[in-house]
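Quick notes on the structure that follows.
The values are calculated or read from the model by the stated rules, or taken from the named source; none is laboratory data. On a predicted model such as this, the values are computed, not experimentally measured, just so you know. Note: ideal-geometry Cβ built from the backbone for every residue, glycine included; neighbour counts use all protein chains shown. Heads up: the accessible areas ignore ligands, DNA and RNA and are worked out on the full protein's heavy atoms, side chains in. Shrake-Rupley method; radii C 1.70, N 1.55, O 1.52, S 1.80 Å.
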Amino acid sequence: VTFCLTFLSGGQALAQHQELQGYWAETQIGYWLEKGVIKGYPDGSFAPDKYITRAEFITMTNNIFSLQGQQEVSFSDVSAGDWFYGEVAKATAAGYLTGYKDNTVRPKQWITREEVAVLLCRLSKLNTDGSNAPASSFLDAADISSWANPGIATAVQYRLMNGYPDGTFRPQDFATRAEALVALDKVFWYINPVLITPM
């Protein structure tokens, strides 16, 4: 299992992941490493640019949001003996995972950026019935699946996800571990805002 709740002290966690120094998502990854919510691979790497599977994304989400409640899993491609069975059960109970029309959840498949956007909106319970303008403004808007357009528009509107400097969103691209974590970090702080009061 890639992601776990084993505690790692901040210094120890960051020292084990030298490839994060100066990385664009160093702050967010370092924060959750310090919390012990995520960890890297046995070889000491975090591999932030590696693609993330749907099962890994679900596990990361459940850990960050401390989701514990479970619901019976009926997806045809998830069995009780699978390491991710409990994680899928938590995601289903939380209501952000509904699976595909063919009753699969495709846990071992890489997750796309548009899928991430939709799951983020469900997780944060944002209304996706509004304008699609933010999504349609991307240069590659034609590549966005119709079912994902409202989710991308809403995720961008609430700054849970961003496009790229070249004006694209790249909806069909697979999300990296760093991209997934940063998006979830933004959702976490959207749901749990930090209020700073004057002294």
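See the values below:
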| read-out | value |
| --- | --- |
| Test: residue in region 126-139 that is within 15 Å of the chain's Cα centre (by Cα), surrounded by 14 or more Cβ atoms within 10 Å (Cβ to Cβ) and not hydroxyl-bearing (Ser, Thr, Tyr) | no |
| Checking Phe7 against (1) at pLDDT below 90; (2) open to solvent by less than 90 Å² (accessible area, probe 1.4 Å); (3) of a type in the set (Phe, Trp, Tyr), the condition it does not meet | (2) |
| Any chance Gln70 is on the phi < 0 side of the Ramachandran plot, modelled with pLDDT of 95 or more, among the polar types (S, T, N, Q) and out of contact with any strand residue (DSSP E or B) (no Cβ under 6 Å at 6 or more places or on another chain) | yes |
| Considering residues of region 10-23 that are open to solvent by 50 Å² or more (accessible area, probe 1.4 Å) and assigned to a helix (DSSP H, G or I) only, the residue modelled with the highest pLDDT | Glu19 |
| Residue identified as among the hydrophobic types (A, V, I, L, M, F, W, C) and under 18 Å from Arg177 (Cβ atoms) among Ala89, Ala117, Ala135 | Ala117 |
| Residue satisfying all of: in region 49-73; more than 13 Å from the chain's Cα centre (by Cα) and surrounded by 11 or more Cβ atoms within 10 Å (Cβ to Cβ); nearest to Gln18 (Cα to Cα) among these | Asp49 |
| Qualifying residue in region 24-39 (condition: surrounded by 12 or more Cβ atoms within 10 Å (Cβ to Cβ) and at pLDDT below 85) | yes |
| Residue list for region 118-137, restricted to those being in a helix (DSSP H, G or I), among the aliphatic types (A, V, I, L, M) and without any contact (Cβ under 8 Å) to a residue 60 or more places away in the chain | Val118, Ala133, Ala135 |
| Filter pass, Tyr96 being part of a loop (DSSP other than H, G, I, E, B), more than 24 Å from Thr59 (Cα to Cα) and either open to solvent by less than 20 Å² (accessible area, probe 1.4 Å) or at pLDDT 95 or above (or both) | no |
| Residue count, region 142-199 (criterion: loosely packed, with under 14 Cβ neighbours inside 10 Å and over 18 Å from Trp32 (Cα atoms)) | 14 |
